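This report concerns only the one structure given below.
The values are calculated or read from the model by the stated rules, or taken from the named source; none is laboratory data. Every value quoted in this text rests on a predicted model; they were computed, and no experiment measured them. When we count neighbours, we look across all protein chains shown, and the Cβ atoms used for this are built from the backbone with ideal geometry, even at glycine.
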Amino acid sequence: MNMEGGKMLAMGGDELLEAQSHVWNHIFNFINSMSLKCAIQLGIPDAIHSHGPNPVPLSILVSSLQLHPNKTQFIYRLMRLLTHSGFFVQQEEGYILTNSSRLLLKDNPCAVSPFLLSMLQPALTDPWQFLSIWFQTDDQTPFETAHGVPFWKYMRNKPKEGEVFNAGMASDARLVINVLLEKHRSVFEGVESLVDVGGGTGTVAKAISQAFPQMECTVLDLPQVVAHLKGDQPNFKYVEGDMFTLIPPADTILLKWILHDWSDEECVEILKKCKEAITGSGSKKGKVMVIDLVLFNTKNDADSIETQLLYDMLMMIVPGGKEREEKEWAKLIKEAGFRAYKIFPILDLRSLIEIYP
């Protein structure tokens with residue numbers, strides 16, 4: 001028997017079983033994600049919600065779902081797991097929603113279900129099977145190893161998957177802007193013009209333009225994203241373009257969940273274009289507003305740290321970016337030629353970073 005085997009056997013029985021349980025929970029963690037995805041696709045949260053505030057018995061829940069008769073007997077097992085995970089509460093009479101499952105309702109303006117469906121579509125989950133192979137290749141990302149092309153090119157070539165992804169980003173944007181306008185409206189005071197770089201279909205910029213009619217709001221994104229879109233408000237418009245080439249002049253440039261997609265070198269390039277846009281506007285009070293993670297800057301409990309580290313891995317696997325600590329943000333900001341910045345930890349795990357030229 002080798003020494004390592006001896007050490008293993010020297011562990012007590014309880015320690016061995018605890019270690020096995022720890023490993024098992026990580027092996028089967030994907031079951032939580034896929035079970036939640038299943039519940040959304042079957043419409044379980046909405047089915048419970050439609051019956052009002054009273055608990056919904058399992059029999060009524062099953063009858064309200066579109067299920068094959070042979071599968072109705074299995075729903076209670078799915079519900080048992082999701083109840084344990086905190087998405088439902090089971091009372092004697094039936095099931096009720098929790099705050100988390102209310103975020104999965106279709107009519108919730110802050111619904112996160114489109115985001116879940118975008119992150120758990122096969123195009124984004126398949127690359128994880130190639131992680132170890134990627135470490136032994138010269139590919140930029142495991143996504144490229146899995147699909148043969150980088151993430152952004154893949155999405156351009158796959159309109160259906162692209163629509164799911166864009167819907168997920170829009171749902172997150174609604175949640176963030178809802179919080180900003182409700183609790184931190186002052187961050188936009190004094191802003192006369194704003195460009196939302198990589199703003200997609202305009203969820204954030206449109207909400208800002210409605211809240212501040214005196215502000216000129218522009219969404220800059222690639223032609224395939226905004227070419228068919230038209231601004232429906234006098235102070236709101238779309239512009240086709242590439243942030244690596246030119247950003248329209250404005251006194252405020254917004255980068256929501258953009259920089260974490262890119263390498264340090266690319267981020268510096270983007271920030272330099274932002275500075276040119278601010279300088280070109282002639283504003284003396286211009287700034288860049290970045291909404292992104294600042295690692296270990298806010299909540300540092302075990303669950304929050306895990307979420308931050310998982311997001312960093314996601315960036316490595318899919319687009320080839322990274323999440324950054326404050327010292328890393330400071331380095332990028334300095335290299336791009338800005339004089340100062342300030343971090344506002346007002347968005348739970350994410351922060352608002354204001355950068356001043």
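Of all the listed residues (L78, L16), the sole one being in contact with a helix residue (DSSP H, G or I) (Cβ under 9 Å, 6 or more places away or on another chain), aliphatic (A, V, I, L, M), surrounded by 10 or more Cβ atoms within 10 Å (Cβ to Cβ) and modelled with pLDDT of 95 or more is L78.
Cβ-Cβ distances below 6 Å connect the following pairs, each with a first residue in the stretch 143-170 that is not in a helix (DSSP H, G or I), a second residue that is not aromatic (F, W, Y), and a separation of six or more residues or different chains: P150/E144. Just to be sure before I move on: is V290 in the same structural domain as G321 (by the TED database), of a type in the set (V, I, T) and closer than 25 Å to K158 by Cα in the structure I sent? Criteria not met by V290. Quick one: is V197 over 16 Å from the mean Cα position of the chain (by Cα), of a type in the set (V, I, T) and buried (at least 19 other Cβ atoms within 10 Å of the Cβ)? Yes: the conditions hold for V197.
Condition check ((1) modelled with pLDDT of 95 or more; (2) over 24 Å from the mean Cα position of the chain (by Cα); (3) at positive phi; (4) not assigned by the TED database to the domain that holds K287) across all residues:
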site	(1), (2), (3), (4)
T203	no, no, no, no
C217	yes, no, no, no
P223	no, no, no, no
H228	no, yes, no, no
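Taken over the stretch 63-83, the criterion of being touching a residue at least 12 places away in the same chain (Cβ under 8 Å) and farther than 16 Å from S35 by Cα is satisfied by S64, Q66. Determine whether I253 is closer than 22 Å to V294 by Cβ, touching a residue at least 60 places away in the same chain (Cβ under 8 Å) and in contact with a strand residue (DSSP E or B) (Cβ under 7 Å, 6 or more places away or on another chain). So I253 fails the test. Regarding the stretch 223-243, can at least one residue be identified that is assigned to a loop (DSSP other than H, G, I, E, B), in contact with an Asp or Glu (Cβ under 7 Å, 6 or more places away or on another chain) and either closer than 23 Å to V294 by Cα or without any contact (Cβ under 8 Å) to a residue 24 or more places away in the chain (or both)? Yes, the stretch 223-243 contains a residue that is assigned to a loop (DSSP other than H, G, I, E, B), in contact with an Asp or Glu (Cβ under 7 Å, 6 or more places away or on another chain) and either closer than 23 Å to V294 by Cα or without any contact (Cβ under 8 Å) to a residue 24 or more places away in the chain (or both). Taking the stretch 274-292 as the range and being at pLDDT 95 or above and either more than 19 Å from A340 (Cβ to Cβ) or outside any helix (DSSP H, G or I) (or both) as the test, the residues that pass are K287, V288, M289, V290, I291, D292.
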